[in-house]
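See below for the structure under consideration.
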Amino acid sequence: KTCTIKHTSIQKNDVSDVTFSPVCFSVSLCCYLSSFLDATSLCFVLVCEALIMKCKRMYVFSIQCVAAFAVSAVASQWERTGKPFNPLLGETYELVRDDLGFRLISEQVSHHPPVSAFHAEGLQKDFVFHGSIYPKLKFWGKSVEAEPKGIITLELPKHNEAYTWTNPTCCVHNIIVGQLWIEQYGSVEVINHRTGEKCCLSFKPCGLFGKELHKVEGYILDKSKKKVYNLYGKWTECMYIVDPATFETHRKNDKKASEDKKSSKQSSDSEETPQLDGDSLEVIPGSQLLWRIAPRPVNSAQMYNFTTFAMQLNELDKEIEVVIPKTDSRLRPDIQAMENGDIDLASEEKKRLEEKQRAARKNRSKSDDEWKMRWFHQGPNPHNGSQDWLFSNGYWDRDYSQLPDIY
């Protein structure tokens, strides 16, 4: 889903020019998953609050929270333009957080095209969150666009609820010259498969003068397709909710004010460029705050704009090392060398791993052997029927004796 590119030409097998953090890891596994997991605790705090609402309002309130979660997951990608290590076929990553009440397993299930599958679940069996990451890349000269193909699913088993959605398109601009910056655009549809409620979100493209930069607008439809709420905000900052009548009145007044302002200006032939910081969001009176981004740590810029949560993901201690499989991202020798500041060794290890992966693929083609996914399999999504990657179970039994040697 997320496209991360270094703003220089990168020579094959050379990591000295690649922008990395001291805690860098696989783009498809750790970096992308961290964007969701940063917001996971928020999502379920809000959902729990929803469940104590009056029954007639519970489901509408729940879909508000899930929509805010979907937007907040995108937020941590802002300004994260460094290029991490590419994942290897069969690479895995696990995360167990007793303090936050969940555990996660992910696997790189395909190399061409690159596809990562993940499965997270609450330790109290209160939620299941799973999906696949399959970015379809398009190059446009000065920019590169990553169109997401994977389905994201959130299940609340105790309440027999399930939500599905796909993510917006991510575009990285100025990959040749200029300041790198990211925008998200496109439509996101969050569906409650139990009640039939739907939240339709529109991530606005930047536009010529950057007026719509980062903006998100949408609405919630109940099962009778009646609009019950409007949502608005910025995916880099916050999301609000307000009743439709108030929203439409504000939009009409804002449009009239914009036209008056435009007519009072003198025409100019000078070309304007987007203001990357954007204007502050105007809050409509009567709105309720759904989500606001947490500030990043003071050293985030030096840590490649990671959140505090993301900075912790590659931490490896003896307690973790003795239980994780040998395919885990934290055990990659090129990553470990980079973290230790040994650039030459990291380059050598990166080259060795890539050559080993190519040789293994060549040997499989000669013997007509197909790669076997260990922890996921393809099948129809249980809620919308679309082709998806589903968890095969067995990982948490801790029997890793049959895993391949990919490092």
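The values are calculated or read from the model by the stated rules, or taken from the named source; none is laboratory data. As the structure is a prediction and not an experimental result, all values here were calculated from the model. Positions of Cβ are generated from backbone atoms using ideal geometry, with glycine treated the same way; all protein chains shown enter the neighbour counts. We work out accessible area using only protein heavy atoms, side chains counted, and drop any ligands, DNA or RNA first. Shrake-Rupley method; radii C 1.70, N 1.55, O 1.52, S 1.80 Å.
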Full-extension gain in nm, V283 to K226, via 0.36 nm per residue minus C-alpha separation: 18.1 nm
Keeping all protein chains in the complex and leaving out DNA, RNA and ligands, what accessible area do you get for K198 with a 1.4 Å probe, in Å² to the nearest 10? 50 Å²
Ordering 396-404, 126-134, 300-308, 324-332 by per-residue average of other C-beta atoms within 10 angstrom, highest first, gives 126-134, 324-332, 300-308, 396-404
Listed by chain and number, the residues whose amide H is under 5 Å from that of H214, excluding neighbours fewer than 5 places away on the same chain and using placed H, are Q184
Pop out the ³J(HN,Hα) list for region 333-343 in order, Karplus 6.51 cos²θ - 1.76 cosθ + 1.60 with θ = phi - 60°, rounded to Hz; leave Gly and Pro as x. x, 5, 5, 4, 5, 5, 5, 7, x, 9, 5
Scan around S287 for amide H atoms under 5 Å from its own, H built in the peptide plane at 1.01 Å from N, and keep only partners 5 or more places away or cross-chain. none
In whole angstrom, note down how far apart the Cα centers of region 211-241 and region 350-407 are. 38 Å
With respect to the cross-link table entries K234/K326; K158/K211; K136/K204; K198/K252; K158/K198, which display a Cα-Cα separation exceeding 31 Å? K234/K326; K158/K211
Order the following by accessible area, largest value first: T249, T164, T81. Probe radius 1.4 Å; ligands, DNA and RNA are ignored. T249, T81, T164
Fully extended contour minus Cα-Cα distance, from Q387 to R194, at 0.36 nm per residue: 67.5 nm
Show me 224-237, 373-386 ranked by packing, highest mean number of other Cβ atoms within 10 Å first. 224-237, 373-386
What figure in square angstrom, to the nearest 10, would you give for the accessible area of V96 with a 1.4 Å probe? 60 Å²
Probe 1.4 Å, all chains present, heavy atoms only: H112 accessible area in Å², nearest 10, is 140 Å²
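Counting only heavy atoms of the protein chains, get the accessible area per residue of region 301-401 (1.4 Å probe) and round it to a whole Å² value.
I get 60 Å² per residue for this part.
Go ahead and run the numbers for FRET between V96 and E217, Cβ-Cβ distance against an R0 of 30 Å, rounding to 0.05. Could you put the intermediate results ahead of the total?
Details: r = 37 Å, r/R0 = 1.25.
The formula returns an efficiency of 0.20 here.
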